[in-house]
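Colleague: Shown below is the structure under consideration.
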Amino acid sequence: MKILMADAFDKSLPGRLAQFGEVFEDMGRIGEAEVLLVRSKTKVTPEMLEKAPNLKLVVRGGVGLDNVDKAACKAKGVDVMNTPEASSVAVAELAMALMLAVPNEVVLAHTSTKEGKFLKKEIKRTELFQKTLGLLGIGRIGTEVAKRAAAFGMTVIGCDPYVQSHPVARMVSLDELFAKSDYISIHTPLTDETKGMLNKDAFAKMKDGVILVNTGRGKVINEADMAEALRGGKVRAYATDVWYSDPPDPSCPLLTAPGVLMAPHIGASSKENLLRIGDCIVAILEKRK
Ligand code: NAD
């Protein structure tokens, strides 16, 4: 088996995959590859597939398959697999970290103290306790966030057209989620239905001063509308790990809008998760031996 590792995985992975054949990282050898391993950086396009006549399997280490043209793979007889279970805890912990960082003013507290300003009186914190968290999408990651938020004493509600009931969250309509949530955390995939669904019409239905956390996909929000909502104060803060593109284009309006807490798409990048993704890839290749 010839395995092309196109993106960054745990450094132990090439050694662990050696039992299945040759492992290489040179994209120039795509023509030889029978298995292609990607995370989110490499885009599997029809043009790439044209250069890969021997390819039989694409494995996306992670959840979202929006960087893989599944229809083009199918047309070429290339199987596509992902490792959906691995990343839930890693992403949920980042969502919690972002959600905690905003009301605790962690960034301001750190930078001001470092600059020699001691803003003990000036920094006004608020708590997650007894606030309402609305989860947009409540699958694997949303569920891990729900459990953690409940442990913080939050009231957890969820909206997901494909989930009728949930052990932690009370399921509500989209309008009720917008109307009741102090925090909204996004955990949907990027689909035709979710693209741009958080736009100015949606913001208008939310509480004044709502805080949004996005570890789902950048394009679920409309960036221009979000920047405007932040400037006008309708949205108090937008804490995001995900963007229209990785990295965001310099013209991205969120880079200069107030109240944006930024992370560079690191939701799945915990050390433990990269090891779990490796375990899943070994199991997938084991089955195809
Ligand atoms: P999942 O499939 O278990 O859950 C997604 C949920 O979203 C499902 O329950 C689905 O029914 C729901 N959904 C679909 N359309 C919806 C809509 N219109 N409104 C509300 N809910 C809707 O997936 P998951 O493992 O929880 O991952 C969710 C997403 O998180 C992925 O698709 C990916 O985009 C993102 N993700 C981001 C990172 C990161 O690095 N930040 C890492 C992994 C996954």
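The values are calculated or read from the model by the stated rules, or taken from the named source; none is laboratory data. Computed from a prediction, not measured in an experiment: that's the story for all the values here. Every residue, glycine as well, gets a Cβ built from its backbone with ideal geometry; the counts of neighbours run over all protein chains shown.
Colleague: Which residue out of Thr215, Thr191, Thr240 is surrounded by fewer than 16 Cβ atoms within 10 Å (Cβ to Cβ) and closer than 23 Å to Ala92 by Cα?
Modeller: Just a single option satisfies the conditions, and that option is Thr191.
Colleague: All but one of (1) at pLDDT 95 or above; (2) within 18 Å of Ile266 (Cβ to Cβ) hold for Ala72, so report the exception by its number.
Modeller: If we test Ala72 against (1) at pLDDT 95 or above; (2) within 18 Å of Ile266 (Cβ to Cβ), just (2) comes out false.
Colleague: With within 10 Å of the ligand (Cβ to nearest atom) and in a helix (DSSP H, G or I) as the only criterion, which of Ala92, Ala72 stands out?
Modeller: Going through Ala92, Ala72 in turn, the sole match is Ala92.
Colleague: In addition: Of the conditions (1) out of contact with any strand residue (DSSP E or B) (no Cβ under 8 Å at 6 or more places or on another chain); (2) over 24 Å from Leu212 (Cα atoms); (3) within 16 Å of the ligand (Cβ to nearest atom), Leu119 satisfies every one except a single condition; which number is it?
Modeller: Leu119 satisfies every listed condition except (3).
Colleague: Name the residue, out of Leu254, Leu198, Leu212, Leu230, that is touching a residue at least 12 places away in the same chain (Cβ under 8 Å), of a type in the set (A, V, I, L, M) and within 13 Å of the ligand (Cβ to nearest atom).
Modeller: Leu198
Colleague: Let me ask something additional. Can you name the condition, by its number, that Ala268 falls short on among (1) assigned to a loop (DSSP other than H, G, I, E, B); (2) at negative phi; (3) within 14 Å of the ligand (Cβ to nearest atom); (4) at pLDDT 95 or above?
Modeller: (4)
Colleague: Within the range 13-35, is even one residue within 16 Å of the ligand (Cβ to nearest atom) and either within 16 Å of Arg276 (Cα to Cα) or assigned to a loop (DSSP other than H, G, I, E, B) (or both)?
Modeller: Checked against the condition, which is being within 16 Å of the ligand (Cβ to nearest atom) and either within 16 Å of Arg276 (Cα to Cα) or assigned to a loop (DSSP other than H, G, I, E, B) (or both), the range 13-35 yields no hits at all.
Table: residues versus (1) under 30 Å from Ala150 (Cβ atoms); (2) without any contact (Cβ under 8 Å) to a residue 24 or more places away in the chain.
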| site | (1), (2) |
| --- | --- |
| Met1 | no, no |
| Leu4 | no, no |
| Val58 | no, yes |
| Gly62 | yes, no |
| Lys76 | no, no |
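Colleague: May I ask you to list pairs of residues, at least six apart or on different chains, whose Cβ atoms are under 7 Å apart, with the first in the range 156-179 being within 13 Å of the ligand (Cβ to nearest atom) and aromatic (Phe, Trp, Tyr) and the second being in a helix (DSSP H, G or I) and at pLDDT 95 or above?
Modeller: Between residues of the range 156-179 that are within 13 Å of the ligand (Cβ to nearest atom) and aromatic (Phe, Trp, Tyr) and residues that are in a helix (DSSP H, G or I) and at pLDDT 95 or above, the close pairs are Phe178/Ala202.
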